[in-house]
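Presented below is the structure to which this report refers.
The values are calculated or read from the model by the stated rules, or taken from the named source; none is laboratory data. Values in this document were obtained by computation on a predicted structure and should not be read as measured data. So basically every Cβ, Gly included, is an ideal-geometry build from the backbone, and we count neighbours across all protein chains shown. Please note that ligands, DNA and RNA were not included when accessible areas were found on the heavy atoms of the full protein model with its side chains. Shrake-Rupley method; radii C 1.70, N 1.55, O 1.52, S 1.80 Å.
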Amino acid sequence: MDPSKQETNQKKASKTMAKKETQEFQFVVYNTMTQQKEVFKPKTPGKVCMYVCGVTAYDFSHLGHARAAVSFDVLYRYLKHLGYEITYVRNFTDVDDKIIRRANETGEDPISLSDRYCKEYNIDMSDLQCLSPTHEPRVSDHMEQIKDMITQIINKDFGYVVDGDVFFAVDKFPNYGKLSGQKLENNRAGERVAVDSRKRNPSDFALWKAAKPGEPSWDSPWGPGRPGWHIECSAMSAHYLSFKFDIHGGGLDLIFPHHENEIAQSCAACEESDVSYWMHNGHVTNNNEKMSKSLGNFFTIRQITERYHPLALRYFLINAHYRSPLNYSIVQLEGASDAVFYIYQTLKDCQDALLQLQEEMPNDGKPARISPDAKECISKLRNEFQVKMSDDLSTSLILTGAFLEALKLVNNLLTMLKKKQQKQQRLLVIQSLKEIEKEVTKILDVLGLQPPCSYNEVLLQLKEKALTRAGLVEDDVIRLINQRAEVRRNKDFLKSDQMRAHLQAKGIALMDVGTETIWRPCVPVQQESGIVPSEGQKVPPKPETA
């Protein structure tokens, strides 16, 4: 058979098998609106429209923001993996009371201040390997869409004007509270809303705020002013996705009042407004209290990534189900860092071996022959990944079980390559390694854990972070390794063990390989709560309370 035709037939067979496997696993998501898991079915077959509420940009983003971004990035990546064409919109709030207050404190223009922090946020997202959304709209760029929607709401008698302010009349919307189950009298938006006796109902919320001295404002039919908090997302989601789209996401704290008010506004402006699935990620907590700027109990993403690799932070964030609470823990961050080091070290060793053995690999276009153990490993790996991801993105269960077994098998096969083998047996081992590595990297890619650089580079970066946490530089470790070697030559093994234990307590593991001693990061033997400095090392400054 013509080799090109054979390759085409193999591709067709592969696509057929992939399609068959996809059909066997229905993607199920938890819908906050119905409070149950539902099979995901987009409004338009093959296409998905998704809107996720972004940050109010007035400061560096914290761990809670990272969790929301990573949670929906995993969803975005998985939908891509399933073959959907996706329009993903995530907004920036750059017009808000908090931004204005911070700008007044610093003497900056509010829009310029917010623009600066939008850029800083995108740097953090890039570090965490979050893919860029299709659109990243800002409130300041969508005033016309916002004013048009407010006009529609007023014209349909759901809004009213008082002294240049425009309020939404919740009494006019009978389904108010259907997302959260909250009653009207409980409608509070925290710091964003002040008591206003001019409202017809205390639960009414602002669509437009009349201009005040020292605040940015835009002309409108009701006089100069700026938008309320909630209207921006309704207007921007409708502009980019229409009033009917598939997924609306955000943090758990946005269910009420933000998303509840979005539903009311959007339905008031367009009766046919409909979001199929409302999805919300859980809080990050610190000592079991929600981590937030307003409480001042948060760590910024930058403060964490100064000491832990961004991929270790991403691993930590997806190592719990996206809807469950995630308690900030140094122990877990250390464990995440150790886990990613093991993953990348195994893959580097595999890649190095395959590179050296490239000439031994057949290039005849035939399917790779692999060992029964490798076949079983790959089958189990695919099955576990599909079952767990299709069950409401159960990422916390993926990087255990079959995944760890696959890495263990890779290491076993690498050991086998060091032994003498017949040519056919050796070829079987080489091709088994190649196929397992391919499957493992596919999973890492969907989870956003496949590094953007070489495995060697990311391992060096992880080691550098470990040295930072230990308050050491590599020369210090090499010096201690040399001192320990001298102690061992003098057969003072007790002192040798004490020196090893001293470094291990700082997160540096020494490994004796033949006559050589090498080091790698490890989980420190002793842990204390919070970010604890080593001798001579400063704690990151506590963020300002916002």
Checklist entry - Any idea which of 438, 388, 434 is within 19 Å of the chain's Cα centre (by Cα) and part of a helix (DSSP H, G or I)? => result 388
Next on the checklist: If I filter segment 149-161 for residues that are in the same structural domain as residue 34 (by the TED database), on the phi > 0 side of the Ramachandran plot and modelled with pLDDT of 95 or more, do I get at least one hit?
Outcome noted: yes
Checklist entry - Within segment 33-58, can you find the residues that are outside any loop (DSSP other than H, G, I, E, B) and in contact (Cβ under 8 Å) with a residue 40 or more places away in the chain? => result 37, 38, 47, 48, 49, 50, 51, 52, 56
Checklist entry - Do we have residue 428 as open to solvent by 10 Å² or more (accessible area, probe 1.4 Å) and at pLDDT below 95 here? => result yes
Checklist outcome for this item: When residue 239 is run through (1) within 21 Å of residue 140 (Cα to Cα); (2) touching a Ser or Thr at 6+ places or on another chain (Cβ under 6 Å), the failure sits at (2)
Checklist entry - Restricting attention to segment 115-134, does a residue exist that is in a helix (DSSP H, G or I) and within 16 Å of residue 227 (Cα to Cα)? => result no
Next on the checklist: Looking only at segment 84-114, how many residues end up being more than 16 Å from residue 229 (Cα to Cα) and open to solvent by 30 Å² or more (accessible area, probe 1.4 Å)?
Outcome noted: 10
Checklist outcome for this item: Exactly one of 61, 140, 132 is under 30 Å from residue 332 (Cα atoms) and in contact (Cβ under 8 Å) with a residue 12 or more places away in the chain, and that one is 61
Checklist entry - What's the number of the condition residue 264 fails, among (1) under 18 Å from residue 90 (Cα atoms); (2) assigned to a helix (DSSP H, G or I)? => result (1)
Next on the checklist: For residue 321, only one of the following conditions fails: (1) surrounded by 21 or more Cβ atoms within 10 Å (Cβ to Cβ); (2) under 25 Å from residue 55 (Cβ atoms); (3) modelled with pLDDT of 95 or more. What is its number?
Outcome noted: (1)
Checklist entry - Looking at this structure, is residue 460 at pLDDT 95 or above, open to solvent by less than 40 Å² (accessible area, probe 1.4 Å) and in a helix (DSSP H, G or I)? => result no
